[in-house]
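The block underneath contains the structure these notes are about, expressed in structure tokens.
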Amino acid sequence: MTNGEVIWEEASRCLSQRCGRAGMGEITRRWPFQNRRVPFELVVREPPITGDSLGHKTWGSSFLLAQLLDNFTSGSLAHLLGPDCRDSLSVLELGSGTGLLGIAAAAMWQVDVVLSDLPEIMPNLDYNIEQNLATVERLGGKLSSGVLTWGSKNGNHSRFSRENTFNIILAADGIYDDNHPDLLSSAIHEQLLDSADSRAIVMTPIRDEVTMKLIVQFQSRMNSGALPLVALEEHILTGQDDWGDDESQAVECWWAIFGRQPA
Ligand SMILES: C[S@@+](CC[C@H](N)C(=O)[O-])C[C@H]1O[C@@H](n2cnc3c(N)ncnc32)[C@H](O)[C@@H]1O
């Protein structure tokens, strides 16, 4: 089940043509994480998308990346997610949207995760955090949130004014507009701890050739500046997307783990 099970739906309201959910009103979806020692389920509310409020929908790559999170514990992030390090670890999700990925990370990694997005997305994000808090805390994780607009110093939560504090940054589906390579990479450069151990994990669907170019630009921006970051790993996975007219069409998703260039 890649797009979650819709459990209820209200009267439909006007939606953006871009989101492929024309005719759908507010929905709540259940997201099961079953194939693990302690199974759990998250419940996420998705209000109707109006204008550019794309963060009111849970996009395919956030669930795809969430399903990989357990693998990182003994794999690429083992140096950060060992039982002795977790208490002091801080994780940030950029462009959280409905929050599925960041909430799942807190539950699966048993760490403190800060979820963030644009001001207009925060009320629903905070609602979803509240709805899943008991599940996350039962599993040993912690959740909090704050406004963080990439490339802006205005209106962000005060916790982000002290820069370069997060050991891990997550971002799903944040590279789809011309300015995103600059904006998303600048937010990562500002917030990622300046340490050889720090990692940024970024996944985005390759919807067309333009997205492919944006990904190349993003990698080049990540590799520049005072804290150059390179892709230590790169992968392609097939997931589901419903950006177009056709619900749940398959789409290839590029993802990479960024860190400092190994010495
Ligand atoms: C396509 S949605 C993906 C949401 C979520 N990560 C997911 O995969 O379901 C892109 C997200 O990035 C956020 N976003 C876009 N531009 C942003 C910016 N300049 N600063 C902060 N967040 C931004 C949007 O509000 C939205 O939540």
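The values are calculated or read from the model by the stated rules, or taken from the named source; none is laboratory data. A quick note: this is a predicted structure, and the numbers were derived from the prediction, not measured. In this analysis, Cβ positions are derived from the backbone assuming ideal geometry, glycine residues included, and neighbour counts consider all displayed protein chains. Surface areas here come from the heavy atoms of the whole protein model, side chains and all, with no ligands, DNA or RNA. Shrake-Rupley method; radii C 1.70, N 1.55, O 1.52, S 1.80 Å.
Values computed for the structure shown
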{"quantity": "Pick from the stretch 60-78, criterion within 16 Å of the ligand (Cβ to nearest atom) and in a loop (DSSP other than H, G, I, E, B), ranking: surrounded by the fewest Cβ atoms within 10 Å (Cβ to Cβ)", "calculated": "L68"}
{"quantity": "A263 being open to solvent by 70 Å² or more (accessible area, probe 1.4 Å) and not in a helix (DSSP H, G or I)", "calculated": "yes"}
{"quantity": "Which numbered condition V38 misses (of (1) surrounded by 16 or more Cβ atoms within 10 Å (Cβ to Cβ); (2) at pLDDT 95 or above)", "calculated": "(1)"}
{"quantity": "Matching residues in the stretch 79-103 - criterion: being part of a loop (DSSP other than H, G, I, E, B) and surrounded by fewer than 17 Cβ atoms within 10 Å (Cβ to Cβ)", "calculated": "G82, P83, D84, C85"}
{"quantity": "Total residues in the stretch 127-157, condition of a type outside the set (D, E, K, R), without any contact (Cβ under 8 Å) to a residue 60 or more places away in the chain, away from the ligand (no atom under 15 Å from the Cβ) and part of a helix (DSSP H, G or I)", "calculated": "3"}
{"quantity": "Scope the stretch 111-126; condition hydrophobic (A, V, I, L, M, F, W, C) and either open to solvent by 30 Å² or more (accessible area, probe 1.4 Å) or within 14 Å of the ligand (Cβ to nearest atom) (or both); matching residues", "calculated": "V113, V114, L115, L118, I121, M122, L125"}
{"quantity": "Some residue of the stretch 213-220 being surrounded by 13 or more Cβ atoms within 10 Å (Cβ to Cβ), closer than 21 Å to W150 by Cα and in contact (Cβ under 8 Å) with a residue 40 or more places away in the chain", "calculated": "yes"}
{"quantity": "Breaking point among (1) in contact with a strand residue (DSSP E or B) (Cβ under 8 Å, 6 or more places away or on another chain); (2) among the basic types (K, R); (3) under 25 Å from E163 (Cβ atoms), for R207", "calculated": "(3)"}
{"quantity": "Subset of the stretch 163-219 [in a helix (DSSP H, G or I) and polar (S, T, N, Q)]", "calculated": "S185, S186, Q191, T211, Q217, Q219"}
{"quantity": "Number of positions in the stretch 168-215 that are more than 9 Å from the ligand (Cβ to nearest atom), under 19 Å from F72 (Cα atoms) and of a type outside the set (A, V, I, L, M)", "calculated": "4"}
{"quantity": "Selected residue [modelled with pLDDT under 95 and open to solvent by 60 Å² or more (accessible area, probe 1.4 Å)] from D208, D178, D197", "calculated": "D208"}
{"quantity": "Complete set of residues in the stretch 154-164 that are in contact with a helix residue (DSSP H, G or I) (Cβ under 9 Å, 6 or more places away or on another chain) and surrounded by fewer than 15 Cβ atoms within 10 Å (Cβ to Cβ)", "calculated": "G155, E163, N164"}
